[in-house]
Structure formats: structure tokens, C-alpha cells
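The values are calculated or read from the model by the stated rules, or taken from the named source; none is laboratory data. A quick note: this is a predicted structure, and the numbers were derived from the prediction, not measured. Cβ sites come from the backbone with ideal geometry, for glycine too, and all protein chains shown count toward neighbours.
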């Protein structure tokens with residue numbers, strides 16, 4: 001069996017990011033396709049929040065190497081301020097030094113055949129680039145989000161650091177993978193000389209996790225409960241127009257029937273302010289994070305699952321939408337129709353969608369849902385569900401690893 005070194009910041013016991021799932025499932029599933037992984041990640045002190053929730057899902061024979069790393073904003077700040085150079089390309093840049101040292105040892109001792117790193121966090125790619133340069137091994141650079149974009153990062157020095165890392169990636173990596181069609185197309189246009197080495201590798205859901213989730217029960221019997229599971233970003237998933245639509249629905253007489261539940265939204269105070277401003281506080285539930293399997297069970301318990309994605313994220317797709325597809329309830333899409341999120345969900349059979357930044361559009365969608373919440377139009381097609389499994393994604397990556405190491 002060949003061996004691959006997986007370099008990832010997002011890995012258990014980190015809590016609060018769906019990005020954990022991509023590396024965790026690869027670590028579980030790659031052995032089925034002839035590849036034994038070793039994980040190179042951070043010591044837990046680097047994480048702002050931790051949870052033992054996923055520790056039991058780590059394979060017993062998986063070697064996890066945890067390199068020393070600090071979070072500049074928490075560990076190196078004085079009176080809340082820190083030197084900008086200590087946070088470029090990101091706040092965990094200190095991870096690089098010990099990770100490279102440990103990675104070289106792992107490559108030597110475990111006879112590693114290939115290297116894989118995943119962004120975000122950008123430092124993961126700096127580690128991957130240096131290990132590939134010093135070992136001569138083929139390297140796969142994975143992009144769960146695009147890196148340098150117009151106006152992002154806003155800090156010019158950080159933007160320049162991102163651009164340098166991208167030059168490293170597309171100058172050295174044998175393969176780069178992207179989670180959305182738009183990101184793939186954008187990078188193929190920006191780096192045409194390497195366009196044949198760029199591929200699409202979407203996120204997905206893990207069937208075994210759904211099988212282990214608690215049995216679903218109705219969330220609010222007698223009411224229709226819409227669930228948004230995960231972070232509500234003030235810009236990238238701006239809920240302002242959604243709350244305006246809730247106020248209009250309340251005026252229609254649907255206030256008693258509809259409930260909107262936010263689970264692990266992080267920006268709870270923003271949601272409370274919007275609820276009070278639009279006088280719909282009684283229609284909204286704001287709840288803290290729960291364990292991964294509990295979150296999956298809650299998705300199955302909801303009457304509808306809410307997707308929120310603003311037009312400034314048209315080249316990104318929330319990883320949880322694949323879990324939404326598998327969970328079973330209705331899926332309501334609030335996203336720019338030209339973006340990848342909306343297009344992927346339309347391809348899955350979800351044609352009923354609304355613009356996240358148009359209250360009247362959202363109002364119309366929620367009204368139609370309330371009138372007939374069990375209609376087939378709210379649920380994905382069965383073949384789309386089957387194609388979205390993470391096991392299929394792991395098999396595709398293994399195939400590419402075979403090619404670049406043959």
C-alpha cells in the first residue's frame with residue numbers, strides 16, 4: 001500500500017468548522033483505494049475551540065503528527081494588538097517551522113509516496129511546498145476556497161503573500177484540486193500553463209455518519225421548522241433580507257406556523273438584533289453548537305433546510321449542502337442564481353430558489369413552501385444524492401495519486 005502525507009489545519013479536536021470533514025474522511029477512506037494516510041496537523045493549543053466529538057472517528061491505525069503552532073491573535077498579542085508580520089499569510093504561520101521538521105522525518109521514516117495539503121489555512125500550502133521541494137515527492141494542493149482574489153485579502157501585504165503562495169503551488173504542485181466549478185475555471189484562466197493539472201474535487205457527505213446519527217424526531221411539532229446549520233457570516237451569508245421577509249410572513253399570518261432555527265451561527269448577536277428590529281423574535285431560535293452526529297440528526301428532524309450564500313461567494317459552495325442533500329428534508333435555497341451554489345443545487349433538482357439579497361423573493365419562496373412543504377420540488381433527485389458521497393470523492397483522489405506517482 002502506498003502512503004500519502006495529509007497536511008491540514010482543520011482536523012479533530014478543532015471544533016466549529018465543516019472543513020474538518022474533508023481531511024477526516026480522506027483519512028478514513030483512502031485505505032479502501034490502496035493509500036495509507038498520515039496526518040500532519042497542529043497541536044490543539046492552536047485552536048480557538050476544541051471538542052472530543054470526532055476523536056472516536058479517527059482510524060485506530062492512523063498516525064497523526066501534531067506540530068507546534070500558536071495563534072498569533074491569542075498567544076502573541078499585547079493589549080489585543082500584534083505585529084502584522086506574525087499573521088502572514090495567516091495567524092498560524094508559526095506552524096510552518098515545526099511542521100516542516102516533522103514532515104521531513106515522516107517522509108523519511110514512513111517512506112511517504114506523495115504529499116497533499118489543503119487551504120484554508122494558507123500555511124498548510126507553504127508547508128506542502130517546502131516539503132515537496134526538499135523531498136522531491138509529488139504534491140497535491142487542495143483549495144476548499146479560492147485564495148487571492150480581487151480585494152481579498154484586504155490587507156495588501158497579506159494579499160501579496162497569498163499571491164506568492166499561489167505561484168509556488170502552480171509552479172511546483174503536480175495537481176491542484178478545487179471544490180467548485182467557478183474556482184476551477186478561474187484558476188485555469190489565471191494559470192493557463194498548468195490548466196491540465198487542475199481538477200474539480202467537490203465536497204460531499206459521509207454515509208456512515210448518517211447511519212450513526214440519533215433517530216430523528218420532529219423539532220417543533222405542529223409548526224414548520226426551517227434549520228440553518230452552521231455559521232451565518234454577516235457579509236457572505238447576510239441574513240438581513242431574510243429577516244425582512246420573516247416580518248412580511250408574520251404580517252401574512254404565518255408567524256405562528258413558521259420557526260427559523262439557527263444552529264451554531266456564531267454571530268448570534270447579529271441575529272438577535274435583526275429579530276428585535278423586525279419584531280420577529282418569537283419566530284427565531286438561536287442555539288449553540290452541538291456534536292457532529294447530533295447536528296446531522298437535527299438536519300433530518302427539520303421540516304426544511306436553509307441554504308444561504310451571497311453573491312460575493314459565487315465561486316464557493318458551503319460544504320454542508322451535500323449533507324443537506326443526504327439528510328432528507330426539504331432544501332430551500334437562498335443564493336445568487338448565477339453562483340455555483342445555486343447551480344449545483346439546481347442540477348440536483350432543486351429549481352425553487354430565491355435571491356438572498358431580495359426580501360420579496362425570499363418571502364415568495366417561503367410562502368410557497370408553507371403552502372405545500374411535502375411537494376417533490378423541495379427535495380433533491382435520488383441520483384444527485386448518490387453522486388455526492390465523500391467515498392466517491394476519496395476514490396477520485398486516489399486515482400489521481402496513482403497517476404502522479406506511477
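Looking only at the range 181-191, count every residue that is out of contact with any helix residue (DSSP H, G or I) (no Cβ under 7 Å at 6 or more places or on another chain) and surrounded by 15 or more Cβ atoms within 10 Å (Cβ to Cβ) and tell me the total. Selection size over the range 181-191: 5. The listed residues are 403, 396, 387, and the only one of them that is at pLDDT 95 or above and within 26 Å of the chain's Cα centre (by Cα) turns out to be 396.
Here is the figure for the range 113-127: residues that are out of contact with any strand residue (DSSP E or B) (no Cβ under 6 Å at 6 or more places or on another chain) and outside any loop (DSSP other than H, G, I, E, B) total 3.
Of all residues in the range 39-57, those satisfying the criterion of being more than 18 Å from the chain's Cα centre (by Cα) and not in a strand (DSSP E or B) are 43, 44, 45, 46, 52, 55, 56, 57.
Taking the conditions exactly as written (in the same structural domain as residue 235 (by TED's automatic domain parsing), on the phi < 0 side of the Ramachandran plot, in contact with a strand residue (DSSP E or B) (Cβ under 8 Å, 6 or more places away or on another chain) and in a helix (DSSP H, G or I)), does residue 317 satisfy them or not? Judged against the criteria, residue 317 is not a match. With respect to being in a helix (DSSP H, G or I), farther than 25 Å from residue 181 by Cα and in the same structural domain as residue 295 (by TED's automatic domain parsing), residue 345 falls outside the description. Which number in (1) in contact (Cβ under 8 Å) with a residue 24 or more places away in the chain; (2) surrounded by fewer than 21 Cβ atoms within 10 Å (Cβ to Cβ) marks the one condition that residue 281 misses? Going through (1) in contact (Cβ under 8 Å) with a residue 24 or more places away in the chain; (2) surrounded by fewer than 21 Cβ atoms within 10 Å (Cβ to Cβ) one by one, residue 281 breaks only (1). Inclusion of residue 91 among residues that are part of a loop (DSSP other than H, G, I, E, B), under 26 Å from the mean Cα position of the chain (by Cα) and either under 25 Å from residue 177 (Cα atoms) or in contact (Cβ under 8 Å) with a residue 24 or more places away in the chain (or both) is warranted.
Per-residue answers, yes or no, for (1) in contact with a strand residue (DSSP E or B) (Cβ under 6 Å, 6 or more places away or on another chain); (2) more than 24 Å from residue 222 (Cα to Cα); (3) crowded, with 22+ Cβ neighbours inside 10 Å:
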residue	(1), (2), (3)
268	yes, yes, no
285	yes, no, no
292	no, yes, yes
296	no, no, yes
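The condition (being part of a strand (DSSP E or B), assigned by TED's automatic domain parsing to the domain that holds residue 247, over 17 Å from the mean Cα position of the chain (by Cα) and closer than 23 Å to residue 265 by Cβ) is satisfied by just one residue among 350, 334, 306, 365: 334.
Of the residues that make up the range 383-391, is at least one within 26 Å of residue 196 (Cβ to Cβ), part of a helix (DSSP H, G or I) and touching a helix residue (DSSP H, G or I) at 6+ places or on another chain (Cβ under 9 Å)? Yes. One residue stands out in the range 192-212 among those that are touching a residue at least 40 places away in the same chain (Cβ under 8 Å) and buried (at least 20 other Cβ atoms within 10 Å of the Cβ): the one that is farthest from residue 313 (Cα to Cα), namely 209.
Being over 30 Å from residue 257 (Cα atoms) and touching a strand residue (DSSP E or B) at 6+ places or on another chain (Cβ under 8 Å) is a condition met by no residue of the range 350-367. When 12, 31, 37 are checked against the criterion of being modelled with pLDDT of 95 or more and closer than 21 Å to residue 70 by Cα, a single residue qualifies: 12. Taken residue by residue, the range 51-70 has no member that is at pLDDT 95 or above, in the same structural domain as residue 92 (by TED's automatic domain parsing), under 17 Å from residue 400 (Cβ atoms) and in contact with a helix residue (DSSP H, G or I) (Cβ under 6 Å, 6 or more places away or on another chain). So which residues in the range 215-229 are modelled with pLDDT under 95 and surrounded by 13 or more Cβ atoms within 10 Å (Cβ to Cβ)? Within the range 215-229, 216, 219, 220, 223 qualify. Taken over the range 51-65, the residue count meeting the criterion of being under 16 Å from residue 15 (Cβ atoms) and surrounded by 14 or more Cβ atoms within 10 Å (Cβ to Cβ) is 5.
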